[in-house]
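A.B. asks: What follows is a structure written as structure tokens; I'll ask about it next.
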Amino acid sequence: MKARDRYTQLSRGRSQFLDTAVECSRLTLPYLIQEDLSSRPTHQKLATPWQSVGSKCVVNLAAKLMLALLPPQTSFFKLQVRDDKLGDEIPREIRSELDLSFSKMERMVMDYINASSDRVVVHQALKHLIVSGNALIFMGKDGLKNYPLNRFVINRDGNGNVCEIITKELISRKILAMNLPEPLPNSPGDDGYKTGSDDQDVEVYTYVRLDENGRWIWHQEALDRIIPGSRSTAPKNTSPWLTLRFNTVDGEDYGRGRVEEFLGDIRSLEGLSQALVEGSAAASKVVFLVSPSSTTKPKTIADAGNGAIVQGRPEDVGVVQVGKTADFRTAAEQINTLERRISDAFLLLNVRQSERTTAEEVRLTQMELEQQLGGLFSLLTVEFLVPYLNRTLHILQRNRELPKIPKDLVRPQIVAGVNALGR
């Protein structure tokens with residue numbers, strides 16, 4: 001089956017997740033996730049939310065997850081000799097020398113990561129995880145690349161393991177080093193070309209699958225033709241394709257995001273914020289009414305300066321008043337309640353305002369908030385940190401920047417994420 005046909009086939013099961021992700025993005029960060037590329041116009045004006053609580057919470061949580069998963073000062077993993085191999089195959093006397101060598105290798109790996117732009121792409125992927133619940137990272141030669149939910153489809157088996165990944169990109173036909181037919185005039189867009197584009201962008205599909213031997217194989221197609229030199233393979237445990245989920249649901253190929261869990265509160269906050277802003281704007285409008293039978297002329301009042309003296313009766317002039325102060329107060333109180341609930345869910349610390357608030361109370365509140373996401377740290381450790389470390393070690397060993405590590409004797413251990421939370 002062609003990659004384009006398989007992408008269309010799998011995109012039917014993605015539609016409900018993409019619709020929810022687009023709504024979650026519209027209420028938080030509208031630029032993050034949009035409709036599928038095939039149905040999106042060339043230029044689209046993004047809607048602006050009526051509140052900034054959602055965007056602030058997403059950025060804050062993504063930054064905290066980033067610092068927890070890839071701490072800037074220390075290493076997120078540790079190379080250790082397996083305890084059951086000590087004494088039999090490895091003498092205990094050289095344990096200290098091994099630890100010294102391992103720490104040097106850890107610093108080399110962290111220097112390699114710090115010199116790259118991996119943290120920038122990982123931070124972007126974490127924002128996609130929080131909003132849509134899904135992200136796809138490709139670890140290429142030029143660094144990491146993040147795919148949003150509207151540009152990839154995925155197929156998993158019953159245990160949640162990935163079987164197929166298909167990505168979709170728009171690339172100018174001038175860049176592709178292959179002969180492609182010219183697009184038909186007045187093309188409806190179903191021939192593989194992106195209509196309405198000056199560069200005649202071509203839809204390029206990357207088809208990744210797991211073969212019978214347990215290896216990942218992939219190639220790229222444009223206009224149902226395989227692009228020369230695009231075939232590649234990778235071992236199963238060192239795949240460059242990292243499929244991330246925020247929350248897993250049994251039987252579903254895609255994950256659920258944090259914003260979706262609190263979509264009701266964010267939706268209510270959006271509606272109340274819009275009503276309060278528009279109502280406040282109406283209430284702040286000043287309009288003077290002059291009685292039709294009055295001898296005072298409206299032009300006289302309009303032209304009168306501050307402190308001017310004009311002829312007229314006070315009862316002939318009135319001011320339009322909305323008289324909705326009590327109703328606005330109810331909406332404002334409900335907005336404060338929703339903001340506090342949403343901030344707690346996204347680890348945005350709200351310190352109790354009182355004279356007796358102590359530093360210990362603030363620290364305990366912060367620790368209680370962070371412990372909410374213990375399960376998420378565990379999932380990201382399994383789906384992101386372990387494959388990311390395996391692929392990085394594989395690349396460094398392949399480039400002869402690191403010596404070969406015997407997997408049966410040495411085991412990398414993740415010390416960031418949920419393990420750092422426990423310490």
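The values are calculated or read from the model by the stated rules, or taken from the named source; none is laboratory data. Everything quoted here is computed from the prediction, not taken from an experiment. Using ideal geometry, Cβ is built from the backbone for each residue, glycine included, and neighbour counts are taken over all protein chains shown. The protein model used for the area step is the full one, side chains on, heavy atoms only, and it has no ligands, DNA or RNA in it. Shrake-Rupley method; radii C 1.70, N 1.55, O 1.52, S 1.80 Å.
A.B. asks: How much accessible surface area, in Å² rounded to 10, belongs to the heavy atoms of Val386 with a 1.4 Å probe?
C.D. replies: Val386 exposes around 60 Å² with every protein chain in place.
A.B. asks: Here is a follow-up. First measure r as the distance between the Cβ atoms of Gln274 and Gln16, then evaluate 1/(1 + (r/R0)^6) with R0 = 30 Å and state the FRET efficiency to the nearest 0.05.
C.D. replies: With a Förster radius of 30 Å, E is 0.70.
A.B. asks: Helix 118-132 against the longest principal axis of the chain: what's the angle in degrees, Cα atoms only, rounded to the nearest 10?
C.D. replies: 60 degrees
A.B. asks: If amide hydrogens are placed 1.01 Å from N in the peptide plane, which non-local residues have theirs closer than 5 Å to the one on Leu79?
C.D. replies: Gln413
A.B. asks: Among the lysines, which have Cα under 22 Å from the Cα of Lys299 when same-chain residues fewer than 8 positions away are ignored?
C.D. replies: Lys299 reaches Lys285.
A.B. asks: Find which of Gln44, Gln80, Leu136 sits farthest along the positive direction of the dipole of the chain, computed with +1 on the beta-carbon of Lys and Arg, -1 on that of Asp and Glu, about the Cα centre.
C.D. replies: My answer, from the dipole projection, is Gln80.
A.B. asks: Here's something else I'd like to know. Using a Gaussian network model of the chain whose springs link C-alpha atoms within less than 10 Å, name the residue from Leu32, Leu242, Leu396 with the highest mean-square fluctuation.
C.D. replies: Leu396
A.B. asks: Please name whichever of Gln372, Ser291, Leu65 sits farthest to the positive end of the charge dipole of the chain, dipole taken about the Cα centre and charges placed at Cβ: Lys and Arg +1, Asp and Glu -1.
C.D. replies: Leu65
A.B. asks: Would you mind checking which residues have amide H under 5 Å from Ser172's amide H? H placed 1.01 Å from N; only 5 or more apart, or other chain.
C.D. replies: Correct list: Val202.
A.B. asks: Once phi is turned into θ = phi - 60°, what whole-Hz ³J(HN,Hα) does the Karplus curve with 6.51, -1.76 and 1.60 give for every residue of region 50-55, x standing for Gly and Pro?
C.D. replies: After applying 6.51 cos²θ - 1.76 cosθ + 1.60, I find 7, 9, 10, 5, x, 5 Hz.
A.B. asks: State the percentage of accessible surface on region 241-354 attributable to carbon and sulfur atoms; use a 1.4 Å probe and exclude ligands, DNA and RNA.
C.D. replies: 52 percent
A.B. asks: Applying the Karplus parametrisation 6.51 cos²θ - 1.76 cosθ + 1.60 with θ = phi - 60° to the phi angles of region 312-318, what ³J(HN,Hα) value in whole Hz is obtained for each residue in order, glycine and proline being reported as x?
C.D. replies: x, 9, x, 6, 7, 10, x
A.B. asks: Next question. Compute, for the chain, the length of the dipole vector about the Cα centre, with Cβ point charges of +1 (Lys, Arg) and -1 (Asp, Glu) only. Units Debye, rounded to 20.
C.D. replies: 600 debye
A.B. asks: If the reach is capped at under 17 angstrom between alpha carbons, list the lysines near Lys127, excluding any in the same chain fewer than eight residues apart.
C.D. replies: Partners found: Lys56, Lys64, Lys145.
A.B. asks: If you don't mind, there's one more thing I want to ask. What list of ³J(HN,Hα) couplings, whole Hz, do you get for region 236-251 from phi and the Karplus terms 6.51, -1.76, 1.60, once you set θ to phi - 60° and write x for glycine and proline?
C.D. replies: Running phi through 6.51 cos²θ - 1.76 cosθ + 1.60 with θ = phi - 60° gives 5, 8, 10, 6, x, 9, 10, 9, 10, 10, 8, 10, 9, 10, 4, x Hz.
A.B. asks: Okay, moving on. What whole-number value in Å² describes the accessible area per residue of the chain for a 1.4 Å probe?
C.D. replies: That works out to 56 Å² per residue.
A.B. asks: In addition: In degrees, nearest 10, range 0 to 90: what is the angle between the Cα axis of helix 263-283 and the longest Cα principal axis of the chain?
C.D. replies: Around 30 degrees separate the two axes.
A.B. asks: Which one, Gly158, Leu276, Ser117, projects farthest toward the positive side of the charge dipole computed for the chain from Cβ point charges (K/R +1, D/E -1)?
C.D. replies: The Cα lying farthest towards the positive end belongs to Ser117.
A.B. asks: What is the set of long-range amide H partners of His219 at a cut-off below 5 Å, with H atoms built 1.01 Å from backbone N?
C.D. replies: Those qualifying (amide H under 5 Å, at least 5 residues apart or on another chain) are Tyr207.
A.B. asks: Per the helix-only calculation at 222 nm, which mean residue ellipticity applies to the chain, given -39500 (n - 2.57) for every DSSP H run of n ≥ 4 and division by its residues, nearest 500 deg cm²/dmol?
C.D. replies: Calculated from helices alone, the mean residue ellipticity at 222 nm is -12500 deg cm²/dmol.
A.B. asks: Could you compute the net charge surrounding Thr337? Neighbours are other residues with a C-beta less than 14 Å from the C-beta of Thr337; K and R count +1, D and E count -1.
C.D. replies: -1
A.B. asks: Any chance you could give the angle, 0 to 90 degrees and rounded to 10, that helix 325-345 forms with the longest Cα principal axis of the chain?
C.D. replies: Between the helix axis and the principal axis of the chain, the angle is about 10 degrees.
A.B. asks: Here is a follow-up. Rounded, prolate or oblate: which fits the chain, taking a ≥ b ≥ c as square roots of the Cα gyration tensor eigenvalues, rounded meaning a/c under 1.5, else prolate when a/b beats b/c?
C.D. replies: oblate
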